[in-house]
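For reference, the structure discussed in these notes is given below.
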Amino acid sequence: MEPSSGEVAWSPTSVAEVAEALGRTGYLTDDALATVAFLALRLGRPLLLEGEPGTGKTTLAEALAEALDVPLVRMQCYEGIDASQALYDWDFPRQILHLRALETVARAAGGDDQAADPTDVEKSLYDERFLLARPVLRSLRESPVVLLVDEIDRADDEFEAFLLEVLSTYQVSIPELGTIRAATPPVVVLTSNRTRELHDALKRRCLYHWIDHPGLERELAIVRSRAPEVPAALAAQVVRMTQELRTRGDLLKPPGVAETLDWARALDALGSVDLDVETAAATLGAAIKYHDDAERVRASLARILGG
Amino acid sequence: MPTATAPTPTSPEELLLGFARAARAAGLPVTADRETALLEAVALVGIDDGAGTYWAGRATLCSAPDHLERYDRVFAAWFHAAARPRTAGPPTPAPVPMASLADGETLDTDTGTDDPRGMHAVASRADILRHRDVATLTASEKADLATMFGSLPQPRPLRRSARRTPWRRGEIDAHRTLRRHLELWGEPAGLEWRRRDSAPRRVVLLVDVSGSMAPYADALLRLAHRWSVRGRGRRDVHVFTMGTRLTDVTRALDRPDPEQALAAAGDVVPDWSGGTRLGETLKAFLDQWGRRGLARGAVVVVFSDGWERGGAELLAEQMARLRAVAHRVVWVNPHKGKPGYLPVQQGIVAVLPYCDDLLAGHSYATFEALAEVVDRA
């Protein structure tokens, strides 16, 4: 289905349609994720994604935006983020410049009959052109868009409460300008790495989905579609290897899909067509990011590749 | 994937609402608005689509990975066993009566005997209690001690936060400076300054509730409750119990009344007075919580006697990991305060190199000392 711009956000009629549209962007979903994405689009609810790093939480938002053919507005959360960084801010330097300009013009004109009405001046100060729209406001004004709130668990509790307010009404009020309401609610995707538990109130608003590492076949399909330049045999070897590493259980940070892709691309860039112990050891840094893990994997590379 | 078939010829709404109830009984956070969301979601995918119903329910009723397993159980029980009656109840954890402090002898008979001596006697009694080993107290002494926990100091360690706050000196706050200029219609005013703010540093308490620590578990959880209860100022305290498995009791302890909080904690912890697998539970903590961020920059206090059944190598390795992410690691061993104690158990020997402090933790006085150490961390 072709989403046409300007109309109400794409509302798909079936789960398969969502899966197919996402698949066309190169994002392969399983039934579970497609169903949840379908529901999020149809019910107009935010989608809360949790899962190990590197399982494609952020990528889903990008794929959704591409499938819907709307812009992606991304808000990266961090500790201490507050409303002025998420919502809007006034451009103070430009406002002052504007004031000075008005003053100069008035002085040049001379007569006090020209004196501007203070209320007009004030109004001109709080004009839309001095408004710096931050991600949330942008998403409301430019909707239909996909709003990605990345790593919400890094922000503070207070910010969560603020976000809850926006997500339940899809409107914000700016004292000087009035209320800004989204014409069509944006598609909202929140991701969390579970460094802390989110508040129930926020979770209740959202559809929840835990993204697992994909199985062998699907991961291979993902590598083939995302990195088509990698030879099939090599891709299969790399995928089998990372699947093996994930099941060992003694690694601090098992490789995610993103690492599988990196590794496959790294090997391809070296021109290897076959994963052997030597090249695997040399490129291990693409998949394993901890020194202790790397030691462990290196010690057992021969066994894994041999078996 | 299972096919959803109605156990009895009821309407789909009834069937789904019953399912939502069963999920709630199993401990999922099902509220009225979630029930509505479930109905809406299933209506969209169609109830005859078993897999769709399963995923729709999962997305609307669950909100944490811990819920998923329970959800699966309830879903299977509700939609499969047509013949079975509604038994999709929660897996009742083994009933674990908390060693309640208030039962046994009642308080008034006790204070009655003390009456003639008046306030002085009570004061000195409290003073004696302060230094008594918690494990050797009688029921009435425990009840007295429980009331004393209400005045245990609450540590509030601080860290520098990313936020800025107005200050007399420091760096120039361009934003506020310009805002002031704007208030004066662009007339230059003085400069405004700002500096880094401070925020409460996270405190993580890991309480060993295995058999060997059983006499102290009650007092330690009271301490955990006292530290995490919301009082003046924001607090960031997380409490886990360690036995054969790791349990997050932060939510359970989050109620003002200590008795209720302890009872709630008693309900969620499945492994009171069981064995210990310190190394493994510590690994579980670091894998699921610690490394992701909970232990990062936090003051981590481990209450344990260090009696490890498993090998000490795993424990040492996990402590090294913990040390690498935490701001300060404090190990509290109830036996340390006892005369003639030497840190010779293999568990303690293994963890000692990775601890910033090894403290005693057997009496109220030692808890006060611990609060001071954490506060200064």
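The values are calculated or read from the model by the stated rules, or taken from the named source; none is laboratory data. Remember, it's a predicted structure, so these values are computed and weren't measured experimentally. For neighbour counting, all protein chains shown are included, and Cβ atoms are generated from backbone atoms with ideal geometry for every residue, glycine included.
Figures for the structure shown
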{"item": "Residue that is modelled with the highest pLDDT [pool: residues in the range A:44-85 that are under 18 Å from A:SER14 (Cα atoms) and facing chain B (nearest Cβ under 9 Å)]", "result": "A:LEU47"}
{"item": "Selection status of B:ALA298, out of contact with any Leu (no Cβ under 8 Å at 6 or more places or on another chain), surrounded by 16 or more Cβ atoms within 10 Å (Cβ to Cβ) and at pLDDT 85 or above", "result": "yes"}
{"item": "Of residues in the range A:150-173 being among the small types (Gly, Ala, Ser) and within 14 Å of another protein chain (Cβ to nearest Cβ), the one farthest from B:GLY293 (Cα to Cα)", "result": "A:SER168"}
{"item": "Count - residues of the range B:24-53 that are of a type in the set (A, V, I, L, M, F, W, C), within 13 Å of chain A (Cβ to nearest Cβ) and touching a helix residue (DSSP H, G or I) at 6+ places or on another chain (Cβ under 7 Å)", "result": "10"}
{"item": "Residue match in the range A:226-245 (condition: within 13 Å of chain B (Cβ to nearest Cβ) and acidic (Asp, Glu))", "result": "no"}
{"item": "Hits in the range A:86-109 - residues which are in contact (Cβ under 8 Å) with a residue 40 or more places away in the chain and either within 9 Å of chain B (Cβ to nearest Cβ) or crowded, with 17+ Cβ neighbours inside 10 Å (or both)", "result": "A:ALA86, A:LEU87, A:TYR88, A:ASP89, A:TRP90"}
{"item": "Enumeration of residues in the range B:181-195 that are within 26 Å of B:ARG163 (Cβ to Cβ) and either surrounded by 16 or more Cβ atoms within 10 Å (Cβ to Cβ) or facing chain A (nearest Cβ under 10 Å) (or both)", "result": "B:HIS181, B:LEU182, B:GLU192, B:TRP193, B:ARG194"}
{"item": "For B:THR244: the one exception among (1) closer than 25 Å to B:ASP305 by Cβ; (2) within 14 Å of chain A (Cβ to nearest Cβ)", "result": "(2)"}
{"item": "Any pair with Cβ under 7 angstrom, 6 or more apart, that starts in the range A:57-84 at a residue that is closer than 23 Å to A:GLU160 by Cα and ends at one that is at pLDDT below 95 and of a type in the set (Lys, Arg)", "result": "A:VAL73/A:ARG138; A:CYS77/A:ARG154; A:TYR78/A:ARG154; A:GLU79/A:ARG154; A:GLY80/B:ARG163"}
{"item": "Residue match in the range A:34-43 (condition: more than 9 Å from every other protein chain (Cβ to nearest Cβ) and assigned to a strand (DSSP E or B))", "result": "no"}
{"item": "Which listed residue is surrounded by fewer than 20 Cβ atoms within 10 Å (Cβ to Cβ) and assigned to a helix (DSSP H, G or I), from B:THR36, B:THR60, B:THR10", "result": "B:THR36"}
{"item": "Some residue of the range A:97-106 being at pLDDT below 85 and farther than 28 Å from B:ALA174 by Cβ", "result": "no"}
{"item": "Those residues of the range A:220-251 which are in a loop (DSSP other than H, G, I, E, B) and either touching a Gly at 6+ places or on another chain (Cβ under 7 Å) or crowded, with 16+ Cβ neighbours inside 10 Å (or both), in sequence order", "result": "A:ALA227, A:VAL230, A:LEU251"}
{"item": "From the options B:ALA77, B:ALA20, residue that is assigned to a helix (DSSP H, G or I), without any contact (Cβ under 8 Å) to a residue 60 or more places away in the chain and within 14 Å of chain A (Cβ to nearest Cβ)", "result": "B:ALA20"}
{"item": "Of all residues making up the range B:126-176, the number that are within 14 Å of chain A (Cβ to nearest Cβ) and part of a helix (DSSP H, G or I)", "result": "3"}
{"item": "Candidate set from the range A:180-195 (those that are touching a residue at least 60 places away in the same chain (Cβ under 8 Å) and either charged (D, E, K, R) or over 30 Å from B:ARG202 (Cβ atoms) (or both)); member that is surrounded by the fewest Cβ atoms within 10 Å (Cβ to Cβ)", "result": "A:THR184"}
{"item": "Every pair of residues 6+ apart whose Cβ atoms lie under 7 Å, when the first sits in the range B:318-342 and is within 14 Å of chain A (Cβ to nearest Cβ) while the second is surrounded by fewer than 23 Cβ atoms within 10 Å (Cβ to Cβ) and among the charged types (D, E, K, R)", "result": "B:GLN318/B:LYS283; B:VAL325/B:ARG291; B:VAL325/B:ARG296"}
{"item": "Condition check for B:ASP208: surrounded by 15 or more Cβ atoms within 10 Å (Cβ to Cβ) and not assigned by TED's automatic domain parsing to the domain that holds B:GLY337", "result": "no"}
{"item": "Test result for A:THR169, over 22 Å from B:HIS175 (Cβ atoms), free of Cβ contacts under 8 Å to residues at least 40 places away in the same chain and loosely packed, with under 12 Cβ neighbours inside 10 Å", "result": "no"}
{"item": "Test: B:LEU262 is buried (at least 16 other Cβ atoms within 10 Å of the Cβ), in a helix (DSSP H, G or I), within 12 Å of chain A (Cβ to nearest Cβ) and of a type outside the set (S, T, N, Q)", "result": "no"}
{"item": "Selected residue (criterion: farthest from the other protein chains (Cβ to nearest Cβ)) from residues of the range A:174-208 that are assigned to a loop (DSSP other than H, G, I, E, B) and more than 24 Å from B:HIS238 (Cβ to Cβ)", "result": "A:ALA183"}
{"item": "Residue in the range B:250-259 that is free of Cβ contacts under 8 Å to residues at least 24 places away in the same chain and within 12 Å of chain A (Cβ to nearest Cβ) present", "result": "yes"}
{"item": "Identity of the residue in the range B:349-368, touching a strand residue (DSSP E or B) at 6+ places or on another chain (Cβ under 7 Å) and part of a helix (DSSP H, G or I), that ends up surrounded by the fewest Cβ atoms within 10 Å (Cβ to Cβ)", "result": "B:LEU352"}
{"item": "Single unsatisfied condition, A:GLY26 versus (1) surrounded by fewer than 23 Cβ atoms within 10 Å (Cβ to Cβ); (2) within 13 Å of chain B (Cβ to nearest Cβ); (3) of a type outside the set (Asp, Glu); (4) not in a helix (DSSP H, G or I)", "result": "(2)"}
{"item": "Test: residue in the range B:274-281 that is more than 15 Å from the chain's Cα centre (by Cα), surrounded by 22 or more Cβ atoms within 10 Å (Cβ to Cβ) and in a helix (DSSP H, G or I)", "result": "yes"}
{"item": "B:ARG376 vs. criteria among the basic types (Lys, Arg) and within 21 Å of the chain's Cα centre (by Cα)", "result": "no"}
